[in-house]
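The values are calculated or read from the model by the stated rules, or taken from the named source; none is laboratory data. Please read these numbers as outputs of a predicted model, since none were measured by experiment. Don't worry about glycine lacking a Cβ; one is built from the backbone with ideal geometry, like all the others, and counts go over all protein chains shown.
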Amino acid sequence: MKKKNKKSDVKLKFSGGWEYAPAPESKDHIRLKEKYDLFINGKFTEPETGKYFASINPSTEAKLADVAEAGDKDVDKAVKAARVAYENVWSRMPAAERGKYIYRIARIMQERAREFAVIESMDGGKAIRESRDVDVPLAAAHFFYYAGWADKLDYALPGAKAKSLGVAGQIIPWNFPLLMAAWKIAPALATGNTVVLKPAETTPLTAMKLAEVIQEAGLPPGVVNIVTGAGATGAAIVNHPGINKVAFTGSTEVGKIIQKTLAGSDRKYTLELGGKAANIIFEDAAIDQAVEGIINGIFFNQGHVCCAGSRLFVQESVADKVVRKLKDRMETLIVGDPLDKNTDIGAINSKDQLEKIRKYIKIGVNEGGEMYQSSCSVPSKGFWCRPTLFTNVSQSSRVVQEEIFGPVLAVQTFRTVEEVIEKANNIPYGLSGGVWTDKGSKIFKVTSQIRAGVIWANTYNKFDPTSPFGGYKESGVGREGGLHGLIPYLQTV
Ligand code: ADP
């Protein structure tokens, strides 16, 4: 009798009948503790709450470690440690010396890059190719870049004398756990501030590994404190009177709460919130290249990207061709084990997020959208979503207007440049966008009229520590990255 393949064993079968052999990244070198305490004043410290929560691997649902839940008292300890470190050590240290510590963090992170990449994929579900080639190298690059600014701040704001703010409270999401920690910590340290950082509750492990790196780099105790927990821990940071600046990346909903809390106070804030980017393909674009860009723009990192190109606008004359090519390409995408080097799309970060994505897929169908999903098999355990595309949607469809944060693409067509600019802007968000065309003039017209912080031309999802990132409208306030990313951590004197 022919042995039946278990669903989870099937890697990927193309219509030609061939399939990829498994190419798993080794995790033998990964050392995870059973339990992670809070990192306060340079030491791993048990939480006053006595409580721990599990961080699980979303591709297997197996527990990876227990992680401390910080309460108000723990956050208070962390803020006080950061204040003492700020007053006594960090703000007084010569800037070039501060820079050396930041360089050291970058170098150790590079040396331990493989370990970071594997843990990122285990804890967050993203494909190892992404964590290995994008998240970890970019995180190290941010530390390198901002280390260089530490002793050059006088040139950052010509004509003005700049000074640090004090203690920065930083709250980050689960889609780029290590990279977001780097985006936040590196500019804060370079400008002479100290930090209390909270990673997201579903992805705390690379932040705890970063705490080990910070210890290894010999940073003075209290300069960086990392407290774990969920929304209540984040709120305790935002509400703490000892915090001088809040840097938040996450949902627009929580961003609004934070903005209300801080309104009227002298505390600074930057908010990097949701997005619903328009990726615009003109008929004169290099179509195959554009199709790759669309795929990368929405399916990269399971669509867990606030700047994901989740709305596709195709010029009517090439719409059928583009959609056909997209479907063909979607069919070849491999969904599965995040640690397999062939995997294109890893696991959805959590059960809650998977439910949210499924809810939106249902909404799209009920609203009359035509849904297409690739036919690949997915493992039976864990949280998975096949790449999904909607056509026959309108500007008012919820799958067009609302952020799904999953591998779901809504396709609309357009005829003229003016029409697509209007449609692209007709949305509460304004974080990012993309334009694909052969004509430089169209690039200038579109990029200057779309209200979004970042617009890529003939590429998508490219990041660099030197370029600022941030939103218009409900996508946020302030910029991170580049020279602009220093300003929110400085006051002029
Ligand atoms: P998402 O919907 O993407 O999970 P959230 O905005 O809920 O985004 O979460 C982003 C980060 O904000 C996480 O670290 C989370 O724990 C934290 N958080 C959630 N609620 C609050 C809150 N009320 N105040 C501060 N931080 C919060």
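Observations on the model:
- Any hit, the range 114-130, residues being more than 16 Å from the chain's Cα centre (by Cα) and free of Cβ contacts under 8 Å to residues at least 60 places away in the same chain: no
- Failed item in (1) at pLDDT 95 or above; (2) surrounded by fewer than 18 Cβ atoms within 10 Å (Cβ to Cβ), with Ser375 passing the rest: (1)
- Residue match in the range 339-354 (condition: more than 16 Å from the ligand (Cβ to nearest atom), acidic (Asp, Glu), assigned to a helix (DSSP H, G or I) and surrounded by fewer than 14 Cβ atoms within 10 Å (Cβ to Cβ)): no
- Look at (1) surrounded by 23 or more Cβ atoms within 10 Å (Cβ to Cβ); (2) assigned to a loop (DSSP other than H, G, I, E, B); (3) more than 24 Å from the chain's Cα centre (by Cα) and you find that Leu326 fails only one, number (2).
- No other residue among Ala78, Ala127, Ala95, Ala117 is surrounded by 19 or more Cβ atoms within 10 Å (Cβ to Cβ), more than 24 Å from Gly382 (Cα to Cα) and not acidic (Asp, Glu) apart from Ala78.
- Residues within the range 135-160 that are assigned to a helix (DSSP H, G or I), without any contact (Cβ under 8 Å) to a residue 12 or more places away in the chain and of a type outside the set (D, E, K, R), tallied: 1
- The residues of the range 15-56 that are at pLDDT 95 or above, charged (D, E, K, R) and either buried (at least 19 other Cβ atoms within 10 Å of the Cβ) or part of a loop (DSSP other than H, G, I, E, B) (or both), listed by number, are Lys33, Glu34, Asp37, Glu46, Glu48, Lys51.
- Selection within the range 225-267 - more than 19 Å from Asp76 (Cβ to Cβ), more than 22 Å from the chain's Cα centre (by Cα) and either away from the ligand (no atom under 15 Å from the Cβ) or not charged (D, E, K, R) (or both): Ala263, Gly264, Asp266
- The range 395-492 holds helices (runs of 4 or more DSSP H) entirely within its bounds, and those carrying 2 or more residues that are farther than 29 Å from Lys359 by Cβ and of a type in the set (D, E, K, R) map to 417-425, 440-449.
- Within the range 355-382, the set of residues being touching a residue at least 40 places away in the same chain (Cβ under 8 Å) and in a helix (DSSP H, G or I) comprises Lys356, Ile357, Tyr360, Ile361, Gly364.
- Qualifying residue in the range 278-289 (condition: hydrophobic (A, V, I, L, M, F, W, C), under 23 Å from the mean Cα position of the chain (by Cα) and more than 10 Å from the ligand (Cβ to nearest atom)): yes
- Cross-chain or 6+ apart pairs with Cβ under 8 Å, the range 383-400 first and surrounded by fewer than 23 Cβ atoms within 10 Å (Cβ to Cβ), then outside any loop (DSSP other than H, G, I, E, B) and among the acidic types (Asp, Glu): Thr391/Glu370; Asn392/Glu370
- Assessment of the range 306-313 against the conditions (hydrophobic (A, V, I, L, M, F, W, C) and outside any loop (DSSP other than H, G, I, E, B)) yields at least one matching residue.
- Only one of Lys163, Lys126, Lys100 that is assigned to a strand (DSSP E or B) and within 26 Å of Pro465 (Cβ to Cβ): Lys163
- Filter result (under 20 Å from Ala141 (Cα atoms), part of a loop (DSSP other than H, G, I, E, B) and within 15 Å of the ligand (Cβ to nearest atom)) within the range 176-224: Phe176, Pro199
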